[in-house]
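K.L.:
One structure coming up, written as structure tokens, with questions to follow.
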Amino acid sequence: MGRVYNFSAGPAVLPVAVLERARDEMLDYQGSGMSVMEMSHRSKKYLGIIQHAESMLRSLMGISDAYDVLFLQGGATLQFAMAPMNLITDPKGQTADYILTGSWSKKAMKEAKKIFSQIRVAASTEDEGFTRIPTRGELRLNPDAVYAHMTTNNTIYGTEFQYTPDTGKVPLVADMSSNILSRVVDVNRFGLIYAGAQKNLGPSGVTVVIIRKDLEGRNANLPVMLDYKAQVAEQSMLNTPPTYAIYILGMVLDWVRDQGGVAGIEQRNIRQAERVYGVIDASGFYQCPNQKESRSRMNIPFTLSKPELTDTFLAESTKAGLMTLKGHRSVGGMRASLYNAMPDEGVEALVAFMVDFERRYG
Ligand SMILES: Cc1ncc(COP(=O)(O)O)c(C=O)c1O
């Protein structure tokens, strides 16, 4: 079987050029006579790999020296707990704000509730089935919060912030797992950014954390693995890091640079998302439940006006090499994830299939 078009929400499609490079270097990484997988993380060659990954991320995202970059394990889910653990100094007296825009932000808040005695919901669209992002005017932010937390893109519901909330002096903490590097973002607006790699950055197993230095070391009593400051002091090598995942991530970042950087990728993402939403909006057969202004460029959920045809759509699309289009179990229908590495040909194949399916069954 050749390559399919993979619309998975994560782990997700990777650039073919990266997979080919990994294949070519599999048995002998740059004359070392071994695979990166077999290499000591303390070796000179490996230090080159991890330093390259960090410097590429800094240059692509414009991360200043006021921030540290970490490559950790435990996924974004561990960050749901690490962020509150590290930022809090008084669990009884302090509180944090959470903007609820979907399942992931709810999960993040649930973890924070185990650490803080009080959490405030600064805004929520749960009553509306998370079909939109709250407007700036709807945010009820507490100026005394230790931080405010947001999920920049809601992988399951397919909504995305089109703006960065202004939290004043309160550090903004963002889960960017499903849209990091997909659009130009001013990192200086954030106190802490985290993202599991397995959507836009690389394979699963590594989590990127970008933290403003003044937010490190507030809590001296944390186990070292959970302490940002301790991780920074050892440059993410407090223990053996996920070496191979970081190596692939570095190559994905090279690939992003070759696509014109984040700005170039963003234009492509806009174009691709417009193609799919265009088909949905032009038809009475496909529907997207979300408010137009809140739509995600990364994850596009859609349903059929004849829901009894959903299984047929999925079976036929799979047969046509358009994989993993099934919607999340909590939403149903279909979901097309168009992460950075989705080629234009994949989007065109999906669009052609949707038009043809409607012609045959609509
Ligand atoms: C927005 C968001 N946050 C968090 C997670 C959980 O990430 P992980 O599996 O890396 O813990 C996901 C996974 O899909 C996600 O989409």
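Every number in this text was worked out from the coordinates using simple rules, so none of it is lab data. Please read all numbers here as calculations on a predicted model, not as lab measurements. Quick reminder, even Gly has a Cβ in these numbers, built from the backbone with ideal geometry, and neighbours come from all protein chains shown.
K.L.:
Sort 170-176, 217-223, 327-333, 110-116 by the packing proxy (mean of other Cβ within 10 Å over each peptide's residues), most packed first. Spell out each step's value before the answer.
P.N.:
Numbers: 170-176: 24.6, 217-223: 12.3, 327-333: 15.0, 110-116: 16.9.
Top to bottom by mean Cβ count within 10 Å: 170-176, 110-116, 327-333, 217-223.
K.L.:
Mean-square fluctuation check for the chain, GNM, Cα pairs under 10 Å: which of Tyr228, Tyr194, Tyr67 is largest?
P.N.:
Tyr67
K.L.:
Pick from Ser236, Ser124, Ser64: which residue has the top mean-square fluctuation in a GNM of the chain where Cα pairs under 10 Å get a spring?
P.N.:
With Cα springs under 10 Å in the chain, the top fluctuation among Ser236, Ser124, Ser64 is at Ser64.
K.L.:
Identify all lysines with a Cα-Cα distance to Lys319 below 30 Å; exclude those on the same chain that are fewer than 8 residues away in sequence.
P.N.:
Of all the lysines, those that pass the test against Lys319 - Cα under 30 Å, at least 8 places apart if same chain - are Lys199, Lys306.
K.L.:
Checking the table Lys292/Lys326; Lys114/Lys326; Lys110/Lys229; Lys107/Lys326; Lys169/Lys213 against a 26 Å threshold on Cα-Cα, which pairs fail?
P.N.:
Lys114/Lys326
K.L.:
Let me ask another. Hey, can you grab everything whose amide H is under 5 Å from the amide H of Thr159? Only 5+ residues off in sequence or another chain; H modelled, so Pro and N-termini drop out.
P.N.:
Asn154, Ser296
K.L.:
Another question, then. Give the cross-link partners of Lys113 among the lysines, using a straight C-alpha distance below 16 Å as the criterion and excluding same-chain residues fewer than 8 apart.
P.N.:
Partners found: Lys92.
K.L.:
Less than 17 Å from a label point 7 Å out along the Cα-to-Cβ axis of Ser330: which backbone N atoms in segment 125-153 qualify, by residue?
P.N.:
125-134, 150-153
K.L.:
For Met34, which sequence-distant residues (separation of 5 or more, or a different chain) have an amide H within less than 5 Å of its own amide H, given hydrogens modelled in the peptide plane?
P.N.:
Close amide H contacts, sequence-distant or interchain: Tyr29.
K.L.:
Something else now. Can you give me the Rg/Rh ratio for segment 47-110, using Cα atoms for both radii and the Kirkwood formula for Rh?
P.N.:
1.06
K.L.:
Let me ask something additional. Can you tell which of Ser283, Ser337, Ser103 shows the greatest fluctuation in a Gaussian network model of the chain with Cα springs below 10 Å?
P.N.:
Result for the chain, Cα springs under 10 Å: Ser283 fluctuates most.
K.L.:
Once each part is reduced to its C-alpha centroid, what is the distance from segment 332-354 to segment 195-253 in angstrom?
P.N.:
The two parts, judged by their Cα centres, are 31 Å apart.
K.L.:
Please give, to one decimal in nm, the separation of the simple spin-label points placed at Leu309 and Tyr361, each 7 Å out from Cα toward the Cβ.
P.N.:
The two pseudo-label positions are separated by 0.6 nm.
K.L.:
May I ask you to work out the translational diffusion coefficient for the chain at 25 °C, viscosity 0.890 mPa s, via Stokes-Einstein with Rh from the Kirkwood sum over Cα pairs, reported in whole µm²/s?
P.N.:
115 µm²/s
K.L.:
For Asn188 and Asp28, compute 0.36 nm times the residue count separating them, minus their Cα-Cα distance, and round to one decimal in nm.
P.N.:
Computed gain between Asn188 and Asp28 is 53.6 nm.
K.L.:
Quick check: pseudo-label points 7 Å beyond the Cα along Cα→Cβ at Glu128 and Ala230, how many nm apart are they?
P.N.:
4.4 nm
K.L.:
Moving on. Compute the length gained on full extension between Val16 and Lys169: take 0.36 nm times their separation in residues and subtract their Cα-Cα distance, giving the result in nm to one decimal.
P.N.:
On the way: separation 153, 0.36 × 153 = 55.08 nm, distance 4.25 nm.
My answer for the length gained is 50.8 nm.
K.L.:
For segment 323-335, take each phi angle, set θ = phi - 60°, evaluate the Karplus expression 6.51 cos²θ - 1.76 cosθ + 1.60, and give the result in whole Hz per residue in order, putting x for glycine and proline.
P.N.:
Running phi through 6.51 cos²θ - 1.76 cosθ + 1.60 with θ = phi - 60° gives 9, 6, 8, 5, x, 4, 4, 7, 10, x, x, 10, 8 Hz.
K.L.:
So, one more: Could you line up Met26, Met323, Met334 from fewest to most neighbouring Cβ atoms inside 10 Å? Kindly include the intermediate steps, with their values, before the conclusion.
P.N.:
Details: Met26 11, Met323 16, Met334 22.
The fewest-first ordering by Cβ neighbours comes to Met26, Met323, Met334.
K.L.:
Now for a different question. Hey, what's the Cα Rg ratio for segment 151-221 versus the globular rule of thumb, 2.2 N^0.38 Å?
P.N.:
Rounded to two decimals, the normalised Rg is 1.17.
K.L.:
Taking the alpha carbon gyration tensor of segment 1-137, what are the square roots of 5 times its eigenvalues, largest first, to the nearest whole Å?
P.N.:
Taking √(5λ) for each Cα gyration eigenvalue gives 38, 22, 14 Å.
K.L.:
Moving to a separate point now. Which cross-chain or sequence-distant (5 or more) residues have an amide H under 5 Å from the amide H of Thr95, H modelled 1.01 Å from N in plane?
P.N.:
Sorted by chain and number, the residues that satisfy this are Val146.
K.L.:
What is the Cα centroid distance between segment 31-66 and segment 88-120, reported in whole angstrom?
P.N.:
With segment 31-66 and segment 88-120 each reduced to a Cα centre, they are spaced 34 Å.
K.L.:
So what J values fall out for segment 145-162 if you push phi through Karplus, 6.51 cos²θ - 1.76 cosθ + 1.60 with θ = phi - 60°, rounded to Hz, Gly and Pro as x?
P.N.:
5, 5, 6, 10, 10, 9, 10, 5, 9, 9, 4, 7, 7, x, 10, 8, 5, 9
K.L.:
Per q in 0.09, 0.10, 0.13, 0.18 1/Å, what log10 I(q)/I(0) does a Debye calculation on the alpha-carbon atoms of segment 71-201 return?
P.N.:
-0.22, -0.28, -0.48, -0.96
K.L.:
Next up: Which of Leu304, Thr159, Ala96 sits farthest toward the positive end of the charge dipole of the chain, with +1 on the Cβ of Lys and Arg and -1 on the Cβ of Asp and Glu?
P.N.:
Ala96
K.L.:
Another question, then. Which whole-angstrom value gives the distance between the alpha carbon centres of segment 263-304 and segment 1-27?
P.N.:
Value for the Cα centre distance between the two parts: 24 Å.
K.L.:
Stretched out fully, how many nm does the piece from Glu274 to Glu38 gain, at 0.36 nm a residue minus the Cα gap?
P.N.:
Going from the current span to full extension adds 80.6 nm.
K.L.:
Kindly give the semi-axes, whole Å and largest first, of the ellipsoid equivalent to segment 274-355, taking each as the square root of 5 times a Cα gyration tensor eigenvalue.
P.N.:
Gyration-tensor ellipsoid for segment 274-355: 16, 16, 13 Å.
K.L.:
To two decimal places, what compactness ratio does segment 226-362 give when its Cα radius of gyration is scaled by 2.2 N^0.38 Å? Please report the intermediate quantities before stating the final value.
P.N.:
Values: Rg = 19.0 Å, N = 137, 2.2 N^0.38 = 14.3 Å.
The reported ratio for this selection is 1.33.
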